[in-house]
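Pasting a structure below so you can have a look.
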Amino acid sequence: MTVHEVSNLTGVSIRTLQYYDRIGLLHPAGYTDAGYRLYDDAALETLQQILLFRELEFPLKDIQRIIQSLSFDRQKALDQQITLLELKKEHLDDLIHLARGIKEAGVDTKMDFSAFDTKKMDEYAAEAKKAWGNTPAYREYEQKAKGRSKEEMTEVNRKMMEIFTEFGAIRHEDPASEKAQALVRKLQNYISAHFYTCTDQILSGLGQMYAAGGEMTSNIDSYGGEGTAVFTSRAIRIFCT
């Protein structure tokens, strides 16, 4: 789907979709010859996740942390979102009941403000956010990203994707070749230098995510060509064995 079609379908403005791309939150699957963004099913699924979190008033920074977490689980996220939405519905029902009571009986001299209490919902939301960022790797990433501007972060991400372009150039060769294994080492060193210490265990997990389908696979293939994500995953598996 084109960016215009996605905007019409979801109600998200084109400017917002462009912003999500710019900050690395939601990349398009590709581009038309005229340069317009294109979104596949995987990108639309990610957009649904973003919009659900936005409906729950999660900041974009927290949303990005959650959906890009090494341990991100879509079903777990949906379970959390359902619980939060149910808490929000309960809160709104209480407010509606209070407003109707005031309308019918006038302002109660006892002035009951319990319906405005969002403590339960706030505590659950805080725990949900914490669950996705409570790892040494993410804490290290936060520390390294703290002083970077958006432009610097964009450049760091761009240079990382250039490595996948290099993988794409040799994706029809043997993933065990010296050239492919050197690129795996280059990728590991780059992640360690700019994001978090990328151990062989973490790298192995990333390799599995690269070939698992969805937005991550699509993004890698958009830079290196179809099959790049799977090739990179195979090269990483050999490297970590």
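Quick one: would you say Leu44 is within 21 Å of Tyr210 (Cα to Cα) and either modelled with pLDDT of 90 or more or open to solvent by less than 70 Å² (accessible area, probe 1.4 Å) (or both)?
Numbers: within 21 Å of Tyr210 (Cα to Cα): yes; either modelled with pLDDT of 90 or more or open to solvent by less than 70 Å² (accessible area, probe 1.4 Å) (or both): yes.
Yes.
Only one of (1) part of a loop (DSSP other than H, G, I, E, B); (2) at pLDDT below 95 is not met by Asp174, so which one is it?
So Asp174 meets the others, but not (2).
Right, next: In segment 44-86, how many residues are of a type outside the set (S, T, N, Q) and either part of a loop (DSSP other than H, G, I, E, B) or under 19 Å from Pro28 (Cβ atoms) (or both)? Give the steps one after another, and end with the answer.
First, the residues of segment 44-86 that are of a type outside the set (S, T, N, Q): 44-45, 47, 50-63, 65-67, 70, 72-74, 76-79, 82, 84-86.
Restricting the remaining residues to those that are either part of a loop (DSSP other than H, G, I, E, B) or under 19 Å from Pro28 (Cβ atoms) (or both) gives 44-45, 47, 50-51, 54, 56-60, 63, 67, 70, 72-73.
The qualifying residues number 16.
I would also like to ask the following. Kindly provide the set of residues from segment 174-196 that are under 17 Å from Ala145 (Cα atoms) and of a type in the set (Ser, Thr, Tyr), ordered by number.
Narrowing segment 174-196 to residues under 17 Å from Ala145 (Cα atoms): 189-196.
Answer for segment 174-196, where residues must be under 17 Å from Ala145 (Cα atoms) and of a type in the set (Ser, Thr, Tyr): Tyr190, Ser192, Tyr196.
Considering Lys89, Lys144, which residue is exposed (fewer than 11 other Cβ atoms within 10 Å of the Cβ), modelled with pLDDT of 75 or more and either on the phi > 0 side of the Ramachandran plot or assigned to a helix (DSSP H, G or I) (or both)?
Working: Lys144 fails: exposed (fewer than 11 other Cβ atoms within 10 Å of the Cβ).
Result: Lys89 is the single residue among Lys89, Lys144 that is exposed (fewer than 11 other Cβ atoms within 10 Å of the Cβ), modelled with pLDDT of 75 or more and either on the phi > 0 side of the Ramachandran plot or assigned to a helix (DSSP H, G or I) (or both).
Considering segment 143-159 alone, what residues qualify as being touching a residue at least 60 places away in the same chain (Cβ under 8 Å) and among the charged types (D, E, K, R)?
Of segment 143-159, the ones touching a residue at least 60 places away in the same chain (Cβ under 8 Å) are 150, 153-154, 157.
Hit for segment 143-159 is Lys150, nothing else.
Name the residues in segment 63-86 that are touching a residue at least 60 places away in the same chain (Cβ under 8 Å) and surrounded by fewer than 16 Cβ atoms within 10 Å (Cβ to Cβ), would you? Outline the logic, then answer.
Residues of segment 63-86 touching a residue at least 60 places away in the same chain (Cβ under 8 Å): 65-66, 69-72.
Residues satisfying the conditions are Leu70, Ser71, Phe72.
The values are calculated or read from the model by the stated rules, or taken from the named source; none is laboratory data. Just so it is clear, the structure is predicted and the values come from calculations on it, not from any experiment. Using ideal geometry, Cβ is built from the backbone for each residue, glycine included, and neighbour counts are taken over all protein chains shown. When the accessible area is computed, the model is the full protein with side chains, heavy atoms only, and any ligands, DNA or RNA have been set aside. Shrake-Rupley method; radii C 1.70, N 1.55, O 1.52, S 1.80 Å.
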